[in-house]
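Participant: Handing you a structure now.
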Amino acid sequence: MVREMREYQGLSENELNERITQVRQAFGRRLVILAHHYQKDEVIRHSDFRGDSLKLAQIAAQEKDAEFIVFCGVYFMAETADLLTSPCQKVILPDLQAGCPMADMAKPEGVAACWELLREAYGDRFVPVAYINSNADIKAFCGREGGMICTSANAERVFERVLTPEKSLVFLPDEHLGRNTGLRLGLRPDEILVWNYRNPDTNILPKQPPRLIVWQGFCCVHQRFRPEQIRSVREQIPGVRVIVHPECPREIVALADDAGSTGYIIQQVTDAPLGSAWAIGTEGNLIHRLVAAHPGKTIRSLNPYLSYCRNMNRLREHVLLWALENLQAGNVVNQVQVDPETAAFAALSVQRMLEM
Ligand code: 13P
Ligand code: SF4
């Protein structure tokens, strides 16, 4: 019988910790817990591996002995892990309500309609590239149409590979990562077209094909940062280095000293000398852990109020225990499985990235 969530709600921190540790010990290598850097401390402390999207996808692909992969992250991450694991491995997302609003901004019907218009206007010129923060059906679209996926850690490499004099790129669903990457590779702003997916009739295709089309999706966490926050932190902390995630809007990335994926931000702050000062434009749980890990450095959020991802933040320790004890009792709860037809093409788009 499936164990009920309400049995877990009032458990003390100690009990939760002990019981999770016991389940992990009992499963041994049959169970792997992966956690994205934006998860709460109470979840991170139980993970076998923590990482950014790229690292976690790579680990999921390598963990061949694990029967169960419990993914502490959001839905598209668990789907990606399912694409990369064998049919006898099961991927569990302990809280199935943890989605990603940005991923949901690109729907297959809208993407297919856009693609049709691009084909009519420019023939086979465009290659679709999806951010890993996309649903499996969008990854499958990219796989089917000769494209691939990327993460914030390798977007430049993927763009460089795809963008040739003969080929243009359509990037889904994050406008900002797409534009920031294109500009970093030397595209001019007028070579980039933003695709308004909410009112597609307002999109006007120029005669000459754009080099890059970016879907008008965004991450609500990273879109929140403001130029005045950068000016203000520079006044308050002379010599501060401002580092932001490339899901931030262009004006933020342009004013910052550096931009990079979650893993890159951690590396930069970790490698910096004692006494250095950092203002970071990304998710709050990660910043909070960096502050705790580096007492000899001044580290603060660019936003005076930490910006948390509501979806990453949903997962609590008692929900993790509920999922784990159900697994132990033989109840596979909250398994994420991509249907086989979608999975075949979606996996192709992920493999093309990993092979790079
Ligand atoms: P990375 O883990 O690739 O830095 O992406 C950040 C993010 O928004 C995850 O949802
Ligand atoms: Fe989605 Fe942004 Fe949350 Fe990442 S941080 S899961 S992109 S909403």
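What follows is calculated from the coordinates using simple rules that are stated; it is not laboratory data. Nothing here was measured: the structure is a model prediction, and the numbers come from that model. Here Cβ is always computed from backbone atoms with ideal geometry, including for glycine, and neighbour counts include all displayed protein chains.
Participant: Find which of Val350, Gln335, Asn313 sits farthest along the positive direction of the dipole of region 313-356, computed with +1 on the beta-carbon of Lys and Arg, -1 on that of Asp and Glu, about the Cα centre.
Facilitator: The one lying farthest along the dipole's positive direction is Asn313.
Participant: Could you list which residues have their amide H under 5 Å from that of Ser301, counting only those 5 or more apart in sequence or on another chain, with H placed in the peptide plane?
Facilitator: When sequence neighbours closer than 5 places are left aside, the close amide H contacts are Ile280.
Participant: Give the distance, in whole Å, between the Cα centre of region 139-162 and the Cα centre of region 115-136.
Facilitator: 11
Participant: How high is the relative contact order of the chain? Use alpha-carbon pairs under 8 Å, at least six apart in sequence, and give a whole percent.
Facilitator: 23
Participant: While we're looking at this one, here's another question. Can you work out the Karplus-derived ³J(HN,Hα) for every residue in region 175-185? Use 6.51 cos²θ - 1.76 cosθ + 1.60 with θ = phi - 60°, whole Hz, and x for glycine or proline.
Facilitator: Result, rounded to whole Hz: 3, 6, 4, x, 5, 4, 6, x, 5, 4, 8.
Participant: I've got another one for you. Which ³J(HN,Hα) values in Hz, rounded to whole numbers, follow from the phi angles of region 8-15 under the Karplus curve 6.51 cos²θ - 1.76 cosθ + 1.60, where θ = phi - 60° and Gly and Pro get x?
Facilitator: Here the 3J(HN,Hα) series is 9, 5, x, 5, 6, 4, 4, 5 Hz.
Participant: Still on this model: How large is ³J(HN,Hα), in whole Hz, for each residue of region 112-124 in order, when computed from phi with the Karplus curve 6.51 cos²θ - 1.76 cosθ + 1.60 and θ = phi - 60°, using x for Gly and Pro?
Facilitator: Running phi through 6.51 cos²θ - 1.76 cosθ + 1.60 with θ = phi - 60° gives 5, 5, 4, 4, 4, 5, 5, 4, 4, 7, 10, x, 8 Hz.
Participant: Here's another thing I want to ask about it. Using a 10 angstrom cutoff on alpha carbons, build the Gaussian network for the chain and name the most mobile of Thr181, Thr270, Thr85.
Facilitator: Thr270
Participant: What 222 nm value per residue comes from the helices of the chain, counting each DSSP H run with n ≥ 4 as -39,500 (n - 2.57) and dividing by all residues, nearest 500 deg cm²/dmol?
Facilitator: Mean residue ellipticity, 222 nm, calculated: -12000 deg cm²/dmol.
Participant: Let me ask something else. Below 10 angstrom from the Cβ of Leu93, what's the summed charge of the other residues (Lys, Arg +1; Asp, Glu -1)?
Facilitator: Charge balance in the 10 Å sphere: -3.
Participant: Using amide H atoms built in the peptide plane, which far-off residues or other-chain residues are under 5 Å from Gln216 H to H?
Facilitator: Trp195, Tyr197
Participant: For Lys167, list the lysines whose Cα falls under 16 Å from its own Cα; do not include residues on the same chain fewer than 8 positions away.
Facilitator: Result set, ordered by chain and number: Lys207.
Participant: Above 26 Å lies some portion of the pair distances; for the chain, what is it as a whole percent of all C-alpha pairs?
Facilitator: 52
Participant: Near Gly146, within a Cβ-to-Cβ distance under 11 Å, what is the net charge of the other residues, with Lys and Arg +1 and Asp and Glu -1?
Facilitator: +1
Participant: While we're looking at this one, here's another question. Give the longest segment of the chain that steers clear of trypsin sites (Lys or Arg not before Pro) in DSSP loops with at most 12 neighbouring Cβ atoms within 10 Å, not counting the sites themselves.
Facilitator: After excluding every exposed loop site, the longest remaining stretch is 65-197.
Participant: Separate question: Among His46, Val111, Thr298, flag the residue with its Cα farthest along the positive direction of the charge dipole of the chain, charges on Cβ as +1 for Lys/Arg and -1 for Asp/Glu.
Facilitator: Checking the options against the dipole of the chain, the answer is Thr298.
Participant: Just how far, in whole angstrom, is region 250-267 from region 316-356 if you go by their alpha carbon centroids?
Facilitator: The distance from the Cα centre of region 316-356 to that of region 250-267 comes to 30 Å.
Participant: List the lysines whose alpha-carbon lies under 25 Å from that of Lys64, not counting same-chain residues fewer than 8 positions away?
Facilitator: Partners found: Lys55, Lys90, Lys139.
Participant: OK, next. In debye to the nearest 20, how big a dipole does the chain give about its Cα centre with +1 on each Lys and Arg Cβ and -1 on each Asp and Glu Cβ?
Facilitator: 640
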